[in-house]
Amino acid sequence: MTQSQRSPIIPPENEETRIRKPRPSLGKKNNQTEETRIMRGTPPATESTQIRKTPPPATESTQIRQTPPPATESTQIRKTPPPATESTQIRQTPPPRPPRPTNLTKSTPPVHSLAPGQPTLERIINFANESGYSDIHLGVGEVPRVRDRGEMVLTDFPVTDKDTFMSWLSEVLIQEEIDRFEDTLEFDGATQYPFARVRINVFETLTGSAMVMRLIPLKILTLEQLKLPEVFKSISDAHKGLVLVTGPTGSGKSTTMAAMVDYINKNHAKHIITIEDPVEFVHRSRKSLIKQREVGMHTKKFDNALKAALREDPDIILIGEMRDKETVNTALKAAQTGHLVMGTLHTNSAVKTLERILSLYSAEEQDAMRTALSESIVSIISQGLCRTTDGKRAAYHDILINTETIKDYIRQSKYDEIVELMKDGEFDGMVTTNKALFNLYQQGRITEETALERSPTPNEMAQWLRGRV
């Protein structure tokens, strides 16, 4: 065979010629393998060819690299979180909390019941009210006692146990107040029965919890029923200034102030605001409009209520107690701006009241305070109670009326001269404690021993009594 008869030599196909060679029809051989398709058609797609050429039909890999086509099952699997399994639930959603231990949860408060033979608290209060007792003393491990005209008296009730005491608390306090007492170990409050109002103080002691209750009559006694001096009406008629009722605990200060407010309520058209801790005597508006506020219930802080009262268009502001320097400052400001301010202090005489107020201030401030007091004070009434011959109690007073001479003495700190002027100031309504006690002795209402016992200057009282005898 000659060279011309030989078959033409076909150069082997390289990658370039394979790319340029037209793609064979897919209809000739349906059973072609992947290898023949690659040899006669396009080579396997690579990353470079995919970038240079028109993208082939999307595959799983191209869906990841290119703009997402319509979602397929595979893309949904990658884009949408798989169904939660037990392990993913643990990672994604915290498991439900186990129930807290019962000792940490706020459970229903325990219900305390009276021990057999124990009376209810209402029965004890009713007994004390009908017997005319002023105070009730209760405590765990103690027999209930009462105060009869100043003296402590045992009752026939059995010894108080813990459950009985807590049951009594639940009669007069709500659970929130009981919780407050258990947190702070002290509680002040008040409650009311159809027959009496009761001021409550609960406290903790070495032997257990204890409670003292002061019985306050619902009916307010008048100045005449209390047999108070006539000058009390003149003091209550004042339009502005500072009126102080002082005396030791249990001396009847609240009763006297309630009688003075009741007198104003019946005779003057005034706006009266009281700030008390707690509210004791409850007044009903008559000729005057009376608004009573209790610290802790109607206001959070005593000082805030006193300052706010100045913006509440009052004529008279009654302060439960002149507690501190800030209270005195606010009270003096109110008295100097046209209001009548009534307050209490725990002092035993009118002159000692002046000294007590001034002691709240530094030496540099006292001169200015003496001037402010001399211009603001209407009267200082110091009160005490003593047992009478008929088994009741009578009030005696140390009364200072702020005359022009008294004002000068206050500015100059001439306290001894003030006392001497009070002895001779009966025309203005002034009286000293000794003179008041001696008057009660002359009336036959107290004994000589009682007069000497209550006298602040027993030597002077003894001279008066010897002169009388």
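The values are calculated or read from the model by the stated rules, or taken from the named source; none is laboratory data. Treat the numbers as computed from the prediction; the structure is a model and nothing was measured. In this analysis, Cβ positions are derived from the backbone assuming ideal geometry, glycine residues included, and neighbour counts consider all displayed protein chains. When the accessible area is computed, the model is the full protein with side chains, heavy atoms only, and any ligands, DNA or RNA have been set aside. Shrake-Rupley method; radii C 1.70, N 1.55, O 1.52, S 1.80 Å.
Annotations
- Qualifying positions in segment 304-334 - at pLDDT 95 or above and crowded, with 23+ Cβ neighbours inside 10 Å: ILE316, ILE317, LEU318
- Among residues of segment 124-135 that are at negative phi and free of Cβ contacts under 8 Å to residues at least 60 places away in the same chain, those with a beta-carbon under 7 Å from a residue that is assigned to a loop (DSSP other than H, G, I, E, B) and open to solvent by less than 50 Å² (accessible area, probe 1.4 Å) at least six positions away or on a different chain give the pairs ILE124/PRO144; ILE124/PHE157.
- Candidate set: segment 116-138, residues that are open to solvent by less than 40 Å² (accessible area, probe 1.4 Å) and not in a loop (DSSP other than H, G, I, E, B); chosen: the one nearest to LEU385 (Cα to Cα): ASP135
- Every pair of residues 6+ apart whose Cβ atoms lie under 7 Å, when the first sits in segment 427-443 and is on the phi > 0 side of the Ramachandran plot while the second is crowded, with 23+ Cβ neighbours inside 10 Å: GLY429/ILE399
- Among (1) in contact (Cβ under 8 Å) with a residue 24 or more places away in the chain; (2) within 22 Å of ASN329 (Cα to Cα); (3) open to solvent by 30 Å² or more (accessible area, probe 1.4 Å) - the single one LYS227 does not satisfy: (2)
- Checklist (1) aliphatic (A, V, I, L, M); (2) open to solvent by 70 Å² or more (accessible area, probe 1.4 Å); (3) within 30 Å of ARG393 (Cα to Cα) applied to LEU185, failing item: (3)
Rundown of residues vs (1) open to solvent by less than 40 Å² (accessible area, probe 1.4 Å); (2) more than 28 Å from ILE124 (Cα to Cα); (3) out of contact with any helix residue (DSSP H, G or I) (no Cβ under 9 Å at 6 or more places or on another chain), yes/no style:
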{"site": "PRO217", "(1), (2), (3)": "no, no, no"}
{"site": "ASP237", "(1), (2), (3)": "no, yes, no"}
{"site": "THR255", "(1), (2), (3)": "no, no, yes"}
{"site": "LYS287", "(1), (2), (3)": "no, yes, no"}
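- Residue within segment 166-184 that is more than 25 Å from the chain's Cα centre (by Cα) and touching a residue at least 24 places away in the same chain (Cβ under 8 Å) present: no
- Restricting attention to segment 308-331, the residues that are more than 23 Å from PHE281 (Cβ to Cβ), free of Cβ contacts under 8 Å to residues at least 24 places away in the same chain and of a type in the set (A, V, I, L, M, F, W, C) total 0.
- Segment 139-198 holds no strands (runs of 3 or more DSSP E) entirely within its bounds that carry 3 or more residues that are under 20 Å from ASN126 (Cβ atoms) and in contact with an Asp or Glu (Cβ under 8 Å, 6 or more places away or on another chain).
- Taking the listed residues ALA350, ALA305, ALA334, ALA363, the one that is among the small types (Gly, Ala, Ser), in contact (Cβ under 8 Å) with a residue 12 or more places away in the chain and over 22 Å from ASP237 (Cα atoms) is ALA305, with no other qualifying.
- Residue selected from segment 433-462 under the condition among the basic types (Lys, Arg) and part of a helix (DSSP H, G or I), by the criterion least open to solvent (accessible area, probe 1.4 Å): LYS435
- Selection count where residues are farther than 14 Å from ILE380 by Cα and either among the charged types (D, E, K, R) or part of a helix (DSSP H, G or I) (or both), scope segment 336-353: 1
- Taking the conditions (1) open to solvent by 30 Å² or more (accessible area, probe 1.4 Å); (2) in a helix (DSSP H, G or I) in turn, ALA259 satisfies each one other than (1).
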